[in-house]
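*Asks:* I am attaching a structure below and will ask some questions about it afterwards.
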Amino acid sequence: MKRYLLTPGPTPVPPEVLAVLSEPMIGHRTAEYRAVLGEVLERLQQVFRTNDDVVLMTASGTAAMESAVANTCSPGDRVVVVSAGNFGERWVSLTTAYGLEADVIRYPWGETPSADELAARLRELGGAQAVFLTHSETSTGVVADVESLAAAAQDAGALSVVDAISSLGAVPLETEEWGIDVVATGSQKALMTPPGLAMVSVSKAAADAASASPRFYLDWERYGKAQAKPDAPYTPAVSLVIALNVALGLILDTGLEETFDRHVRLGRACRAGAKAMGLELFSPDEDRSSVVTAIRMPDGIDGQEIVATVRSQMGVTLAGGQGELRGKIVRIGHIGYVDIFDVVTGLAALELALAEAGADIERGAGPGRALETFEHTRV
């Protein structure tokens, strides 16, 4: 059975990237590897849109997030966490684990955080050491306006720390221009590389933060000293770094703006297709939310069963709901190495599974509308 991967991550990997993963291993202390590492670090700065250092670690995206907490804050520091979904709650868990005094601004899942409300809370608190934000909340499909949120943090004298694990390389994120201090991401989303690499851009203010939190493997200073050579402080995932270099080359050769535009068109197509079937969107019907489309399930239909059906019977992997949305929504990811025919396949599989489950939907309308929307819309 042919397989299709349409989750918000991991995402499909281009053949050029897969090919280098099969090449013979090289030593990580060799000139050959150091040349690749140097190129990767330069390319990452271009994708992050920053001249600041980017830390590259062999770890998951969650480790990138944890490193941001460990390197910028000390136990007892007051911080603000803006949470509107499952991954906003991950910031809550991380800041709590490090003994921070976390003031949490919670939104109902599916709502978009407000910069005005963040600014008001920061005024009430008299400031904070850092504000922790989620750019693309893949549990709901919401992509927040982190430019405005980061500006509110900056106005209050707080560091801005952004989880961009699923958004970097998919939707616009101007790290330096928007004054964001820390951006965390992972390899397995829009960067089109298998899981296993974590990356963090670090502003001078974030690097200079006097953190008293204990750390070793996640210590940015250790990475900074090594990468200046360039080198790695610990044994890296050599093959993954080489693969990431190829993936970054593909993205930059295409152009970031062109890549962003393609994701907007894919998002429009997916949303239009879902609505044409008579389904209701859970994620916002807006161009900014171009990472994942979250679709409400009809009454009496279990989204987890739909996801299981399309995977086992049709070879299509979609994502179900998380937390309080489990069983209530199905999510279609459309970032990275995904094209319109993948989206159409995902919608067709969803249609077949829903019809089999007894849902009253418009047969054949979704895939056709998605193709039409993609073809006739330009950004």
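Read-outs throughout are calculated quantities, based only on the coordinates presented, and are distinct from any laboratory measurement. Small disclaimer: the values here were computed from a predicted structure and weren't measured. Every residue, glycine as well, gets a Cβ built from its backbone with ideal geometry; the counts of neighbours run over all protein chains shown.
*Asks:* Counting only chymotrypsin sites (Phe, Trp or Tyr not before Pro) that sit in a DSSP loop (anything but H, G, I, E, B) with at most 15 other Cβ atoms within 10 Å, what is the longest stretch of the chain containing none of them?
*Replies:* 1-215
*Asks:* In addition: What residues have an amide H closer than 5 Å to that of GLU101, excluding those fewer than 5 places away on the same chain, when H is modeled at 1.01 Å from N in the peptide plane?
*Replies:* GLY76, ASP77, ARG78, VAL79
*Asks:* Also, quick follow-up: Rounded to whole Hz and in sequence order, give me ³J(HN,Hα) for the range 296-307 from the Karplus expression 6.51 cos²θ - 1.76 cosθ + 1.60, θ = phi - 60°, writing x for Gly and Pro.
*Replies:* 5, 8, x, 3, x, 10, 8, x, 5, 5, 5, 4
*Asks:* For the chain: lysine pairs with Cα atoms under 24 Å, gap of 8 or more or different chains, count?
*Replies:* 5
*Asks:* Another question, if that's okay. Considering only DSSP beta bridges with both partners in the range 157-227, what is the antiparallel share in %, to the nearest 5?
*Replies:* 60
*Asks:* Could you identify which residue out of ALA150, ALA308, ALA243 has the top mean-square fluctuation in a GNM of the chain using Cα springs shorter than 10 Å?
*Replies:* Largest GNM mean-square fluctuation: ALA308.
*Asks:* Across all directions of projection, what mean area in square nanometres is found for the Cα convex hull of the chain?
*Replies:* 18.1
*Asks:* Got a sec to turn the phi values of the range 235-242 into Karplus ³J(HN,Hα) couplings, 6.51 cos²θ - 1.76 cosθ + 1.60 with θ = phi - 60°, whole Hz, x for Gly and Pro?
*Replies:* Per-residue couplings from phi come out as 4, x, 7, 3, 4, 5, 5, 5 Hz.
*Asks:* Looking at the chain only, what percent of DSSP beta bridges run antiparallel? Nearest 5 please.
*Replies:* In the chain, approximately 50 percent of DSSP beta bridges are antiparallel ones.
*Asks:* In addition: HN-Hα J couplings of the range 206-214 from phi, Karplus 6.51/-1.76/1.60, θ = phi - 60°, integer Hz, Gly and Pro as x?
*Replies:* 5, 5, 8, 4, 8, 8, 9, 6, x
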